[in-house]
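Have a look at the structure below before the remarks.
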Amino acid sequence: MAEFSWAYIDSSAILSASGPTGSIQYRVADASGNTAVSGTQNFVFHTASSLLAITGSVEISGTLTANQYNINVVDKTVTNLSASGDTIFGDTADDTHQFTGSVTVQGAISSSLNISGSSFYGDGSNLTATPDQTTITGSRGQFNTTTGLFITSGNVHLGTAASIISGVTTVSSRLTASQGAQFNQQVVIIDDKNLVFGTGGDSIIKYDEASSDNLVVSGSATGLTLMGATINVNSPSLLASNTDVIITGSVIITGSANEATTTINKTHVSSSLNISGSAFYGDGSKLTGIQPGGSTTEIQFNNAGAFGASPRATLAVGASTAALVITGSVTVTGSALNTTTVINGTHLSSSLNISGSSLYAEDGFYGNISVPRFVIHEGDADTYLDFTDDKLTVKVGNREFLTITEAGTDTFVINRLEGAIETTINSDNGDALNVKVGGVVINDAGMPGHDFRVESNQKQNAIYLDADLQYVHLLADNATPAGGLGADMALFVSGTVGSKNTSVRGTAVFGGDMVVSGNLYGAYGNSGEIQFNNGGAFGASPSATVVTTPDGSSMLTLTGSLQVVSGSTKVLQVDSSALGLGEVRGRMVQHIRTGFSLTNGSLAATGRYVSIGGNAVAVSATPNQVNCMITPFSGRLISIMYHMPAAAAKQDPSKGQPQWQLRVGDVNALKGQTFASAFSTVGQITASSWPGENIIGGVDIQTKVGSLHGNNITGSFSFGTGSVVALFFKSGDASNNNYPGDGATFTTVWEFDQLNPYITGSGN
């Protein structure tokens, strides 16, 4: 490459694209005045749609050629196309230029072809090539004209307004339409002018406004014929009660098909055809040819198209009564259901329902009402009596309340297989027996007269409940036992007591208190063994017995281990195993007595650890082997009792109050740490006052009562197995030398859970 000389590149001259993505680049000058390129969001080419988007105005000095030119008026602003000179749209005769909306042309419109439109406006004075026979004045509409008469290929609207009065078109000569004339709006014949029919003016229709104010229809000299399947004469005025349709002269209706004539005139209606109507008015005195059938009082019926009658069906009419007399049977046939009802001299039978306000039968046993199966409450189909062979069922609301059956084993069943139905038997004292959802209740109302008594073969009061005195007898000879009733007696059980421990079983006797006339014997095991539920029966074991000691007292003897459980929590255990050796475990309470001396107000204000069961004098600013205790069980601090020997002047509550803190180093926090590093305060007590010189004070931490008051206790005062605990004491105001004194004594009470003596901390 030695033959080439080096090249210098001026970084300031390097051009790079700028602006938004897709923007067309153009030349600009940067901040240093150098040439650069940039773009704008107003001139962007979208590659995905191949769309060039320009926002703003575009000025073109040359020719703009496009296959399609669309103008989207987004904001509905009118776009103006302004140009001097001529404008040409299209280049061939078959081009179509469509405008939506109105087009306003200030100059003339000319065309070498026809001009068509839905409407043309103006007076038509400048229209040329119109024939002399046609003159259009004040017209509007769409039209095509030819020579000769005025002929339209479309609609022609005459007049300058929609109103038939104000928009007037006058035709001075005859208007003839060889193809007929169709009027889509009203055709007006002015007042007192004739609408003439016939070349000779034989018939007319006109509105006679000048004299009668009526519409006059006049036929020819021979008459007026109205033809049609139906001819209606209808006017709103006919709805009024005082208006009539007045026909002067006769009305003759000729039915040409039957060559018959009907005449209606002032006196009568006559017709060679039948006259029918929904009603005929008058007394019928002039009606002829109507004769009843049969004799007087006989019911009339259609007898082959004429009135007929029979003496077997008559109407007996009295002064105040009328009776229908039928000789023979009455048969009522319901054809739709193919059912029949028969009434004859002996009975009434029907395959349909028979209903009435009352149903009667003759007196005595043989006055029977027979039904095939059901007697149903009208309008309540699921309430009925159901009769089947040797069985009666009573259902109400489709629930079977009562069933009586005589078939092999006679049964009387109330409320069979029906839940939530209450059965009640009443006496003169109200409800005596109730069978409810919750069970059977006797004397539900609690009436004192509703005693309950069950008799056996030999005992009148085998089971007896006195509702008034409220006691129960079992196998008593009399309602009132010998010796009377005790004031609190609730149960009296009679029997003998001399048969205990013999082959004849004795009977326990209960009085007011429970009295056992002999020893109380269980149903299982040996003498002295405690009874328990053994699978639903009494059971016993020689490992649990009650024995009599030499001094005559009783002693409970348990062979084996003992556990006391509260819910799912074991609270006491006596372990008799080889490992347990009879040890007793539980949540045991222990107390520890100790003391300390603190006569320096400054040290008291700072606080000191006091000994728990160790040196009764020393205090320390740090926890150590003297003032700390490793707990073998989990537990809690329950209470603190204390005695302060300092003078009253050194126990001034205004100078500060004594405080106890329980500090605990959790077994997990102690891994590799000193006592001081692992300790945290879990509970704190601040006294509201000093106890006073040589006065006993204390607090129950669990119940929050005592001289230190509960509202000054915070924290849980609990700890886990393997934790290190210490008591920290502080008090007073150092400037005033408040302190407990020399030889302060205190006793702490602790609860240890000995059921879990093992360290549970991770890594221990």
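Brief remarks on what is shown
- Among the conditions (1) modelled with pLDDT of 85 or more; (2) assigned to a loop (DSSP other than H, G, I, E, B), the only one that Val617 does not satisfy is (1).
- Test: residue in segment 451-461 that is hydrophobic (A, V, I, L, M, F, W, C) and either modelled with pLDDT of 65 or more or touching a Lys or Arg at 6+ places or on another chain (Cβ under 6 Å) (or both): yes
- Matching entry among Gln98, Gln106, Gln41 (being assigned to a loop (DSSP other than H, G, I, E, B), in the same structural domain as Gly19 (by TED's automatic domain parsing) and modelled with pLDDT of 75 or more): Gln41
- Residues in segment 578-614 that are part of a loop (DSSP other than H, G, I, E, B), of a type outside the set (Gly, Ala, Ser) and in contact (Cβ under 8 Å) with a residue 24 or more places away in the chain: Thr599, Asn600, Ile612.
Matching residues to (1) assigned to a loop (DSSP other than H, G, I, E, B); (2) at pLDDT 85 or above:
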position	(1), (2)
Phe729	no, yes
Gly732	yes, no
Ser735	no, no
Asn738	yes, yes
Asp742	no, yes
Phe746	no, yes
Pro757	yes, no
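- Candidate set from segment 46-80 (those that are under 30 Å from Asp91 (Cα atoms) and either small (Gly, Ala, Ser) or touching a Gly at 6+ places or on another chain (Cβ under 8 Å) (or both)); member that is modelled with the highest pLDDT: Ala53
- Selected residue (criterion: modelled with the lowest pLDDT) from residues of segment 248-274 that are outside any strand (DSSP E or B), within 24 Å of Leu224 (Cα to Cα) and of a type outside the set (Gly, Ala, Ser): Asn258
- Matching residues, segment 621-669, being free of Cβ contacts under 8 Å to residues at least 60 places away in the same chain and assigned to a loop (DSSP other than H, G, I, E, B): Ala621, Thr622, Asn624, Gln625, Val626, Ala669
- Single unsatisfied condition, Ile701 versus (1) touching a Phe, Trp or Tyr at 6+ places or on another chain (Cβ under 6 Å); (2) modelled with pLDDT of 85 or more: (2)
- Flag for Gln563 being in contact (Cβ under 8 Å) with a residue 60 or more places away in the chain and not hydroxyl-bearing (Ser, Thr, Tyr): no
- Within segment 430-443, restricting attention to residues that are surrounded by fewer than 16 Cβ atoms within 10 Å (Cβ to Cβ) and not basic (Lys, Arg), the residue that is farthest from Asn415 (Cα to Cα) is Gly430.
- When Thr393 is tested against (1) β-branched (Val, Ile, Thr); (2) modelled with pLDDT under 85; (3) surrounded by 10 or more Cβ atoms within 10 Å (Cβ to Cβ), just one condition goes unmet, and that condition is (2).
- Any hit, segment 366-375, residues being part of a strand (DSSP E or B) and out of contact with any Asp or Glu (no Cβ under 9 Å at 6 or more places or on another chain): no
- If you go through segment 659-683 and keep only what is of a type in the set (Val, Ile, Thr), under 10 Å from Phe719 (Cα atoms) and at pLDDT 90 or above, you end up with Val664, Val682.
- Sole exception among (1) surrounded by fewer than 15 Cβ atoms within 10 Å (Cβ to Cβ); (2) among the hydrophobic types (A, V, I, L, M, F, W, C); (3) at pLDDT below 85 for Ile713, by number: (1)
- Any pair with Cβ under 6 angstrom, 6 or more apart, that starts in segment 187-201 at a residue that is of a type outside the set (S, T, N, Q) and ends at one that is not in a loop (DSSP other than H, G, I, E, B): Ile189/Leu195; Asp191/Tyr207; Leu195/Ile205; Val196/Ile204; Phe197/Ser203
- Scanning segment 659-701 for residues that are among the hydroxyl-bearing types (Ser, Thr, Tyr) and in contact with a helix residue (DSSP H, G or I) (Cβ under 8 Å, 6 or more places away or on another chain) yields Thr686, Ser688, Ser689.
The values are calculated or read from the model by the stated rules, or taken from the named source; none is laboratory data. Nothing here was measured: the structure is a model prediction, and the numbers come from that model. Please note: Cβ atoms are built from the backbone with ideal geometry, for glycine as well, and neighbour counts cover all protein chains shown.
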